[in-house]
Ligand code: KG4
Ligand code: ZN
């Protein structure tokens, strides 16, 4: 079953084709317009999706050599309502025109299951840490559609903290990849930062961000590389600390990572040292993409699910 997956929940306009052999085409257009604003502007995002989506879908179909897929799936939420609507309505229209099944996918479930596209892939039950610009949540995944939240952030998402620290240092948006790169040249011990904890499993990143701000006020000459390295060491420590605790408690040793922050070099390096069986999507499929949506949708379609074309978007759709 060849499935076209469409993703437009934030600032990536993405379309992919996936079948039983894996990813056939994966086209992602990242909107540049938000860089000037230092963050995603919802109205611009929706308009830019509307302008670009058709070309992105056409490119994906051409790359996969597919004229008509067997089903169309699209992100139904959570995300920016205008942005989600563009991809969701376009996906429904394509499905209606082609006369193929349609299914709306939860963006977070797309991330959560994204490691299943890889080889080796985790098998149920596994732990999944979805760590992105909008979410930092650790799930227990027992089966398709059977997820429970073990831990989550009580304030900022980890990616959001990366973006805010990058902004403090005047580094540009999105900040994660830039901080990641600079941190590799810095000394984390030069900028000792706290490891804030909300509870023994939940995260809090707001205090860490404030500690970075305080450090910059007190040490205006601090090397940006060292600040990035110190901040990143703290983020990676707390992410892996909670994940390891959850593994101890549940007895589940497989840990899958997903979301933009899962592209982080230090997180990938240190995760490999935890002694757990860790799984990462390739870097290009950590950030938002159509393959993860196509994959999650395809799994549900194979399990017998479809959605009526009367389905609406769910901008605040939680998982588990
Ligand atoms: O999954 P994603 O593309 O979108 C959301 O659903 O939020 O994640 C984007 C987030 C941004 O906050 C970005 O700064 C962060 O992921 N990010 C990174 C890296 N690459 C992207 N954070 C740390 N290190 C990276 N290499
Ligand atoms: Zn995402």
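Would you mind classifying the stretch 2-67 by shape? Square roots of the alpha carbon gyration tensor eigenvalues, ordered a ≥ b ≥ c; an a/c under 1.5 is rounded, otherwise it is prolate if a/b is larger than b/c and oblate if not. Prolate shape, in that a/c is at least 1.5 and a/b is the bigger ratio.
Of all DSSP-defined beta bridges confined to the stretch 120-280, some 60% are antiparallel rather than parallel.
Here the simple spin-label model places points 7 Å from the Cα toward Cβ, and for residue 197 and residue 248 these points are separated by 0.9 nm. Each peptide in 49-57, 6-14 receives the mean, over its residues, of other Cβ atoms within 10 Å, and ordering these scores from highest gives 6-14, 49-57. Considering only 282, 78, 220, give the residue with the highest GNM mean-square fluctuation for the chain, with springs between Cα atoms whenever their separation is below 10 Å. Evaluated over the chain, the most mobile residue of the options is 220. Sorted fewest first by neighbouring Cβ atoms within 10 angstrom, 201, 239 come out as 201, 239. What separates the Cα centres of the stretch 132-160 and the stretch 218-259 is a distance of 15 Å.
Beta bridges per DSSP, both residues in the chain: antiparallel share near 60 percent. Peptide packing: for 125-133, 302-310, the average count of neighbouring Cβ atoms within 10 Å per residue gives the ranking 125-133, 302-310, highest mean first.
Summed over qualifying helices (DSSP H, 4 residues or more, each -39500 (n - 2.57)) and divided by its residue number, the chain shows a 222 nm mean residue ellipticity of -13000 deg cm²/dmol. Across the stretch 22-132, the mean sequence separation of Cα contacts (distance under 8 Å, 6 or more residues apart), normalised by length, yields a relative contact order of 24 percent.
For the chain, the longest principal axis of the C-alpha atoms and the axis of helix 158-168 are separated by about 60°. For the chain, take the longest principal axis of its alpha carbons; what is the angle in degrees between that and the long axis of helix 290-302, to the nearest 10 within 0 to 90? Once rounded, one gets 50 degrees. Between the helical axis of 42-64 and the longest alpha-carbon principal axis of the chain there is an angle of about 60 degrees. For the chain, dividing the convex hull volume of the Cα atoms by the residue count gives 119 Å³ per residue. Could you work out the relative contact order of the chain? I mean the mean sequence separation of Cα pairs under 8 Å and 6+ apart, divided by the number of residues, in percent. Answer for the chain is 25 percent. Across the stretch 120-280, Cα-Cα pairs farther apart than 19 Å form 51% of the total. Taking 294, 83, 234 as the candidate residues, the one with maximal mean-square fluctuation in a Gaussian network model of the chain, Cα springs under 10 Å, is 234. Based on Cα contacts under 8 Å between residues 6+ apart, the stretch 120-280 shows a relative contact order of 29 percent. With Cα atoms as the point set, the stretch 7-118 shows a radius of gyration and Dmax of 13.7, 41 Å. Going from the residue with the fewest nearby Cβ atoms within 10 Å to the one with the most, 292, 1 rank 1, 292.
Each of 58, 285 was scored by other Cβ atoms within 10 Å of its Cβ. Arranged with the fewest first, they read 58, 285. Specify the residue with the greatest mean-square fluctuation among 65, 39, 134, computed from a Gaussian network of the chain linking alpha-carbon atoms under 10 Å apart. Residue with maximal mean-square fluctuation among 65, 39, 134: 65.
Here, each number is a calculation from the coordinates, and none is a lab measurement. All values derive from a computational prediction rather than experimental measurement. No Cβ is skipped: glycine too gets one built from the backbone with ideal geometry, and neighbour counts run over all protein chains shown.
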